[in-house]
Each structure stands twice: as structure tokens, then as C-alpha cells.
1. Go through the stretch 128-234 and name the trypsin sites (Lys or Arg not before Pro) that are in a DSSP coil and have 14 or fewer other Cβ atoms within 10 Å of their Cβ.
2. Just flag the GluC sites (Glu not before Pro) in the stretch 108-182 sitting in loop per DSSP whose Cβ has no more than 12 other Cβ atoms within 10 Å.
3. Give me the distance in nm between label points sitting 7 Å out from Cα along the Cα-to-Cβ direction at Asn153 and Ala110, one decimal.
4. Over the stretch 1-139, what is the relative contact order in whole percent, taking alpha-carbon pairs under 8 Å and six or more residues apart?
5. In the stretch 1-76, what trypsin sites (Lys or Arg not before Pro) fall in a loop by DSSP, with at most 15 other Cβ atoms inside 10 Å?
6. Do the alpha carbons of any pairs in Lys62/Lys104; Lys53/Lys93; Lys62/Lys109 sit beyond 20 Å of each other, and which pairs?
7. Defining a contact as two alpha carbons under 8 Å apart and six or more residues distant in sequence, what relative contact order in percent does the chain show?
8. If we sort 114-122, 6-14 on the protection proxy, mean other Cβ atoms within 10 Å, highest first, what's the order?
Amino acid sequence: TTEIEWWEYDGAGEMADAVAGDIQFIIESAIDARGAAVIALAGGKTPLPIYEKLVQAKLDWKRVTIIPGDDRLVPLGDPLSNVTAIGKMFLPKGARVIPLISDKAEDYKAAGRAADARLQDLHWPLDLCLLGVGGDGHAASIFPGPDFEEALNGPRERRALGVMPDPLPPEAPVARVTLSRTAIVSARALMIALTGDAKRGVLEDAIRQGASSNYPVGRILADVELPVDIHWSA
Ligand code: 6PG
């Protein structure tokens, strides 16, 4: 079983302050210990207030490498592109931002292999993996579909892979590149940030069901060795 700690906040602003503070501390500790920090940040809309706080932190940003925990197979600049949103915030600070999607047109499997190759060059494990949760119970881009088992239980050394969700999620009906479960749960710190009662209910069910859950996040969080911090606001 996984040790899980829930943190509850009075609103998205209060959550953003707290989580940005935690991330800042993790980055500073990694820089102190190893001279650099490598973190994965969640895509989607929920964490944007956290990032708006985090960019204000006084950090040695040029020692910070950021990757999106997952991305949609769309061109850079597309409104669905996670790396575009993350890059806009953190590149001006001097951070290094590594995309999971290249600017070459590639099929999703090739895109996943290319992303994995880029990540193999990074300091590993990740100092932090921050995840969100979808209303359908996905996290990162680990979705039901033909690549589900590979994303959850593929080769240990695989850091990223391409996935084709089935069914395609309506908010972004495209293929994805995602961190593998192994990459996620081997991070030195694992956090989830979410808002609203509906997602909270899904996450609680998923955790209760664990390894037998139909929700990807339940499968991801089953039997994780490090404690997981869950940050929630209404
Ligand atoms: C993640 C993903 C992604 C996202 C959800 C929720 O890291 O888990 O980037 O799965 O968090 O799709 O997105 P919203 O925050 O926009 O609801």
C-alpha cells in the first residue's frame, strides 16, 4: 500500500501558494545536493495558478530543467500544447524546458521513442513529479487504450512513450506522449494537485481500488514506495 497525505486548502490561491512553496523547497534542496534540479510539471489548467506563483520564486533558474509530465501530439504553439504553456512561463526565467513532442511530424510511437531518448540524457530520477487528475481518472497521459499496459508495466528503463487513448478524451482528442509509470513513481517526490469535489471523488475511489482500479490514477498510485502528497482545493 501507498502512504498518502491529503492537504486541503480554502481556494485555488491558497493551494497555489502552498504548492509553489513546496516545489521551490524541492528545487533548492536538489540544487544544494546535486547542483541541479530536474522536475516534471503537470499539464492542463488546474496547475496554472501554482506556476504563476512559482515563477516569482527567487531561484537559480538556469540550474532547473523542466519537462511536462505529458503532452499532446500537436505542434508547438497549439493551445493544447503543454510544453508551450510551461515554456511561456519558465523560459523567460532562464530554466531549461525539454519538450516531449518535437517539431517534426511523427507518429505517436516514434514521438514517444524520441522523447524517451531525450529524457535518457537527463539527471535521473526526477527530483519532483507533479501530476494532475482528469475527471475520467487519468494522470499524466496514461489512458485506457492499446498502450495502457505498456505505460503502466513496460520496461523499467523506459522513461516516456507514445499513447493513443481509447476513447479519445473530448477536451483534447489527440495522441499523447507521457512519462511512464516507472518514471513517475521513481521520482524523489510525487505530488498531485486537483480541484473540485468531482475529481476528489474519483481520486478517492481510485486509491481505494488500488491495483485493480479501472482508473489509471489508481493503478499508478498502487504500491508506490515513497509517500505521495495530494493537494486539493474546492
Ligand atoms: C497530468 C496531465 C493531465 C491533466 C489532466 C487534468 O500531468 O496529469 O497533464 O492529465 O492533469 O488532464 O487537466 P485539467 O487540470 O485541465 O483538468
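1. Loop-located and lightly packed - Arg156.
2. When the GluC sites (Glu not before Pro) of the stretch 108-182 are filtered for loop state and at most 12 Cβ neighbours within 10 Å, Glu157, Glu171 remain.
3. 3.0 nm
4. On the way: 183 pairs, mean separation 36.4, N = 139.
Relative CO of the stretch 1-139 lands at 26 percent.
5. Lys45, Lys58
6. Lys62/Lys104; Lys62/Lys109
7. Details: 514 pairs, mean separation 59.0, N = 234.
Contact order relative to length: 25 percent.
8. Working: 114-122: 16.4, 6-14: 13.7.
Packing proxy ranking, top to bottom: 114-122, 6-14.
Read the figures in this text as sums done on the coordinates, not as results from a lab. These numbers were taken from a predicted model, which means no experiment stands behind them. Cβ atoms come from the backbone with ideal geometry, glycine included; neighbour counts cover every protein chain shown.
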